[in-house]
Amino acid sequence: MIKGLVLKKQADIFSVELETRNVVDCVARKILKKDGIFVGDKVFLDEDSAICKLGERKNILIRPPVANINKMFIVVAPVPKPDLYTVDKMFLFCKLNNIEPVICINKSDLNQSFCEKIAKIYEKIAKVLIFSSLDESVLALEKEIKGICVLAGQSAVGKSSIINALKKDNVTKVDTFSKKIERGKQTTRTVQLFRFGKNKYLADTAGFSKLDEKLLNLKESEIKDYYPEFLKFAERCKYKSCLHINSKDCAVIKAVKSGEISKDRYQNYQKLVETIKNIKWF
Ligand SMILES: Nc1nc2c(ncn2[C@@H]2O[C@H](COP(=O)(O)OP(=O)(O)OP(=O)(O)O)[C@@H](O)[C@H]2O)c(=O)[nH]1
Ligand SMILES: [Mg+2]
Ligand SMILES: [Zn+2]
């Protein structure tokens, strides 16, 4: 059997990169549900070049639909206005799924000081890159590509522009923010892996405005464990089970007040706990 990697999926056809680096278009054998094969999946082909078996999976993301993700580049920009609540949920999602989050602040040409302000919020807990897809600073992202990586973030932050800049070509479609609003949808509609070298792939994905809290599949009491900056303070909370919401003797709340923990991150944490508390699961 020949081994390959699914780069793209369009209708019932999968583009599969073989170890020879040739890319072939394949169908899947009926025993495999075609909805169960994702971009990023390792697959095996039979003598007719049809996918007959799936390889092992490290993880899987439903939105965007990609398997075996190593890193997620969470892209924000001065425009459109960042929704940090969603950024924090994506960050948490990465931690839950064994994906390394990298915060990428694009369009630094528009407002450098705004970008630096966002960077301050995240630099203690993740790698942060500031760049513009309009100049060479975008190469900082290319250096970080390792394994299967995805670009994620709101529509119009510049995900497709980043791919085009790195590929020095228009390999994926870009639209202005106003055009996107006019058409009422994101420009990028499909997922595709672009190759950047041996075992280096980057996927452009459709922008999304929200991440459904249900997808996190967490209880309200578990959320705090995925905020790495809380951990060293949490040891000093009076109660072991402290949720860091309203206890008087909460070391995390004290650290927020003293500026050791970002207020933005904390406020979005409160919002997430409250939202998850009110979810009706059935
Ligand atoms: N000033 C400036 N504009 C940028 C930069 N990067 C992208 N843009 C512009 O931002 C707009 C949106 O870019 P896209 O690349 O289509 O955004 P996207 O994130 O792929 O959007 P979706 O596919 O809808 O999710 C376009 O008008 C780009 O020209 C940048 O670094 N600086
Ligand atoms: Mg796009
Ligand atoms: Zn506490």
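The values are calculated or read from the model by the stated rules, or taken from the named source; none is laboratory data. Nothing here was measured: the structure is a model prediction, and the numbers come from that model. Positions of Cβ are backbone-derived with ideal geometry, glycine not excepted, and every protein chain shown enters the neighbour counts.
Taking the options Asn106, Asn98, name whichever one is out of contact with any strand residue (DSSP E or B) (no Cβ under 8 Å at 6 or more places or on another chain) and more than 18 Å from Gly4 (Cα to Cα). I'd like the intermediate steps shown before the answer.
On the way: Asn106 fails: out of contact with any strand residue (DSSP E or B) (no Cβ under 8 Å at 6 or more places or on another chain).
Matching residue, one of Asn106, Asn98: Asn98.
Inspect the range 108-125 for any residue being assigned by TED's automatic domain parsing to the domain that holds Ala67, closer than 22 Å to Gly40 by Cβ and at pLDDT 95 or above and give the result as yes or no.
Narrowing the range 108-125 to residues assigned by TED's automatic domain parsing to the domain that holds Ala67: 108-125.
With closer than 22 Å to Gly40 by Cβ added as a condition, the list becomes none.
No, that holds for no residue.
Would you please name the residue that is nearest to ligand 1 (Cβ to nearest atom), looking only at residues in the range 210-250 that are under 30 Å from Lys9 (Cβ atoms) and among the charged types (D, E, K, R)? Talk me through it step by step, then tell me what you get.
Step one: list which residues in the range 210-250 are under 30 Å from Lys9 (Cβ atoms), which gives 210-218.
Going one step further and asking which of them are among the charged types (D, E, K, R), we end up with 210, 212-214.
Details: Lys210: 13, Asp212: 18, Glu213: 21, Lys214: 22 Å.
Selected residue: Lys210.
Looking only at helices (runs of 4 or more DSSP H) that fall completely inside the range 185-282, which ones have 2 or more residues that are more than 30 Å from Arg63 (Cα to Cα), out of contact with any His (no Cβ under 6 Å at 6 or more places or on another chain) and without any contact (Cβ under 8 Å) to a residue 40 or more places away in the chain? Write out each step before concluding.
Numbers: elements: 228-234, 251-257, 263-277.
In the range 185-282, 228-234, 251-257 are the helices (runs of 4 or more DSSP H) which contain 2 or more residues that are more than 30 Å from Arg63 (Cα to Cα), out of contact with any His (no Cβ under 6 Å at 6 or more places or on another chain) and without any contact (Cβ under 8 Å) to a residue 40 or more places away in the chain.
Kindly establish whether Cys94 is assigned to a helix (DSSP H, G or I) and without any contact (Cβ under 8 Å) to a residue 60 or more places away in the chain.
yes
Okay, residues lined up against (1) among the aromatic types (Phe, Trp, Tyr); (2) away from ligand 3 (no atom under 16 Å from the Cβ); (3) buried (at least 20 other Cβ atoms within 10 Å of the Cβ):
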position	(1), (2), (3)
Met72	no, yes, yes
Leu84	no, yes, no
Leu96	no, yes, no
Asn111	no, yes, no
Phe114	yes, yes, no
Lys117	no, yes, no
Tyr122	yes, yes, yes
Lys127	no, yes, no
Ile145	no, yes, yes
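Every residue, every condition in (1) touching a Ser or Thr at 6+ places or on another chain (Cβ under 7 Å); (2) at negative phi; (3) away from ligand 3 (no atom under 15 Å from the Cβ), yes or no:
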position	(1), (2), (3)
Gly207	yes, yes, yes
Lys214	no, yes, yes
Lys219	no, yes, yes
Glu229	no, yes, no
Lys238	yes, yes, no
His244	no, no, no
Cys250	no, yes, no
Ile253	no, yes, no
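Got a number for residues in the range 4-26 being over 25 Å from the mean Cα position of the chain (by Cα) and either modelled with pLDDT under 90 or surrounded by 14 or more Cβ atoms within 10 Å (Cβ to Cβ) (or both)?
5
When you scan the range 1-85 for strands (runs of 3 or more DSSP E) that lie fully inside it, which ones turn up with 1 or more residues that are under 30 Å from Ser262 (Cα atoms)? Walk me through how you get there before you give the answer.
On the way: elements: 2-10, 13-18, 23-26, 42-45, 51-54, 69-76.
It comes to 69-76.
Just need a number here: residues in the range 190-227 that are hydrophobic (A, V, I, L, M, F, W, C) and closer than 12 Å to Val273 by Cβ.
Step one: filter the range 190-227 for residues hydrophobic (A, V, I, L, M, F, W, C), giving 191, 193-194, 196, 202-203, 206, 208, 211, 215-216, 218, 223.
Now narrow it down to the ones that are closer than 12 Å to Val273 by Cβ: 216, 218, 223.
Of the residues in that region, 3 qualify.
Within the range 173-209, work out how many residues are more than 10 Å from ligand 1 (Cβ to nearest atom), at pLDDT below 70 and either among the acidic types (Asp, Glu) or under 27 Å from Gly147 (Cβ atoms) (or both).
Summing the residues that are more than 10 Å from ligand 1 (Cβ to nearest atom), at pLDDT below 70 and either among the acidic types (Asp, Glu) or under 27 Å from Gly147 (Cβ atoms) (or both) in the range 173-209 gives 1.
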